[in-house]
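A.B. asks: Shown below is the structure under consideration.
The values are calculated or read from the model by the stated rules, or taken from the named source; none is laboratory data. Predicted model, so just to flag it, every value in this text is computed and none were measured. Neighbour counts are summed over all protein chains in view; Cβ atoms, including those assigned to glycine, are modelled from backbone coordinates with ideal geometry.
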Amino acid sequence: MAVTLKDVAEMAGVSRSAVSRTFTEGASVSAKVRLKVMEASSVLGYSPNALASSLTTGRTKLIGLVSDNFHNPIFLEIFDLVTKGLQERGLRPLLVNLSDELDPENSVRMLRQYSVDGVIVASSTLPVSFAEAFQRAGVPVVHAFGRHSAQPKVNTVGIDNFSAGQMAGKTLIARGYDNIGFMGGPETATSTQDRYAGFLGELRKSPHIAHSVSYAKAYSFVAGREEMLRLIASGPAQAYFCGDDVLSIGALSAAQTSRLSVPDDIGFIGLNDMEMAQWANINLTTIHNPIKQVVSSTIELVVSMLSDQRYFPKAVLFPGRIVERGTLRPLHG
């Protein structure tokens, strides 16, 4: 039989309400009573029922973790960090897959059924309308890896994608490439749009350099490989900013299949610095995305919003940096 609150109360010699208050955050209970309850709970192996507690407090401590790209391994790293970070704060992550979801109101209805206390939208491809829909519904929300805005309507945390595109362009130009390509993710993704805008702006400063643009169907290995095979068949550029590590790894696979040497015949630079980018058989030159800082800042914002929902939305922006490995030709001199 499961140990009940009544069992703890009888062993501790206190009322059931005293046991309940002991395990209710912020409730008033004397140190003496608390000690008796905790000792009895330890002996009996009692753990409070989280669902029952939520009925008392009106708080479930559930945080919806919303994403839409489960094909990209970078999100395994993100989910690992977010779930651990929430659990360390006594919060409970509820993972929701919004792949192929077009109507943000559907996701709001789904998460309201679970009475979540807050939501983290972890996506660089979902439009800001998804996060805004939660805010309109009165649910505290943070858009992690979302599109930067100088006047955000919701809390947004992420990398400066425009600057990352500039950084990639400068890096390729500095290595002497004069025929450069951008291979992005889906054209509708805001991350793709901003990375290309920064990249194109940098290349336009050097009008003698030829450039091209193409888009993969998704931020996935298969989509990156398929698009690069098409580009190689039609005559590839000397080097590509692939806009994402998993696309770059797919492109590397296409180059290998086509018997092109990297970086001698073709070069690649990615973005994210995901764990497998440093594997010896990949060794991808990329732009580091400070994922740990993004996740940490996101969780801090969620916690602060739960304690005080009177806030002004802000955008927290983290810079990226080049990580030199082996998929680009070395710098001259």
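A.B. asks: Please state which one of Ser234, Ser304, Ser258, Ser248 is closer than 25 Å to Gln135 by Cα, of a type in the set (S, T, N, Q) and either out of contact with any His (no Cβ under 7 Å at 6 or more places or on another chain) or not assigned by TED's automatic domain parsing to the domain that holds Phe75 (or both).
C.D. replies: When all the criteria are applied, what remains is Ser304.
A.B. asks: Same structure again: Please verify whether segment 279-293 includes one or more residues that are surrounded by fewer than 19 Cβ atoms within 10 Å (Cβ to Cβ), within 21 Å of Phe162 (Cβ to Cβ) and among the polar types (S, T, N, Q).
C.D. replies: Among the residues of segment 279-293, at least one is surrounded by fewer than 19 Cβ atoms within 10 Å (Cβ to Cβ), within 21 Å of Phe162 (Cβ to Cβ) and among the polar types (S, T, N, Q), which makes the answer yes.
A.B. asks: Additional query: Looking at the structure I just gave you, is Phe162 touching an Asp or Glu at 6+ places or on another chain (Cβ under 6 Å) and either in contact (Cβ under 8 Å) with a residue 12 or more places away in the chain or surrounded by 24 or more Cβ atoms within 10 Å (Cβ to Cβ) (or both)?
C.D. replies: Against the criterion (touching an Asp or Glu at 6+ places or on another chain (Cβ under 6 Å) and either in contact (Cβ under 8 Å) with a residue 12 or more places away in the chain or surrounded by 24 or more Cβ atoms within 10 Å (Cβ to Cβ) (or both)), Phe162 qualifies.
A.B. asks: Report, by residue number, each residue of segment 237-248 that is crowded, with 24+ Cβ neighbours inside 10 Å, of a type outside the set (Asp, Glu) and farther than 13 Å from Ser214 by Cβ.
C.D. replies: Correct list: Ala239, Val246, Ser248.
A.B. asks: Under 6 Å between Cβ atoms, which residue pairs at least 6 apart in sequence (or on different chains) link something in segment 203-228 that is under 23 Å from Met274 (Cα atoms) and not assigned by TED's automatic domain parsing to the domain that holds Asp68 with a partner that is assigned to a loop (DSSP other than H, G, I, E, B) and of a type in the set (A, V, I, L, M)?
C.D. replies: Ala223/Ala216; Gly224/Ala216; Glu227/Ala216
A.B. asks: While we're here: Six or more apart or on different chains, Cβ under 7 Å: which pairs go from a residue in segment 253-278 that's under 13 Å from Leu328 (Cα atoms) to one that's charged (D, E, K, R)? Could you list them?
C.D. replies: Close Cβ pairs (under 7 Å, with a partner that is charged (D, E, K, R)) amount to Pro263/Arg329; Gly267/Arg329; Gly270/Asp244; Gly270/Asp245.
A.B. asks: Sticking with this structure for a sec: Among what's in segment 155-180 and is part of a helix (DSSP H, G or I) and not small (Gly, Ala, Ser), pick the residue that is nearest to Gly201 (Cα to Cα).
C.D. replies: Checked segment 155-180; the qualifying residue nearest to Gly201 (Cα to Cα) is Gln166.
A.B. asks: Let me ask another. Thr156: buried (at least 18 other Cβ atoms within 10 Å of the Cβ) and closer than 21 Å to Asp117 by Cα, yes or no?
C.D. replies: Numbers: buried (at least 18 other Cβ atoms within 10 Å of the Cβ): yes; closer than 21 Å to Asp117 by Cα: yes.
Considered against the rule, which asks whether it is buried (at least 18 other Cβ atoms within 10 Å of the Cβ) and closer than 21 Å to Asp117 by Cα, Thr156 comes out as yes.
A.B. asks: Let me ask something additional. Taking the criterion of being surrounded by fewer than 24 Cβ atoms within 10 Å (Cβ to Cβ), hydrophobic (A, V, I, L, M, F, W, C), touching a residue at least 60 places away in the same chain (Cβ under 8 Å) and closer than 30 Å to Ser248 by Cβ, would at least one residue in segment 136-145 satisfy it?
C.D. replies: No - not one qualifying residue is present in segment 136-145.
A.B. asks: Restricting the search to segment 56-73, which residues are among the hydrophobic types (A, V, I, L, M, F, W, C) and modelled with pLDDT of 85 or more?
C.D. replies: In the first step, residues of segment 56-73 are kept if they are among the hydrophobic types (A, V, I, L, M, F, W, C); the result is 62-63, 65-66, 70.
Selection gives Leu62, Ile63, Leu65, Val66.
A.B. asks: Give, as residue ranges, the strands (runs of 3 or more DSSP E) completely inside segment 220-333 that count at least 3 residues that are not charged (D, E, K, R).
C.D. replies: 239-241, 267-272, 286-288, 315-318
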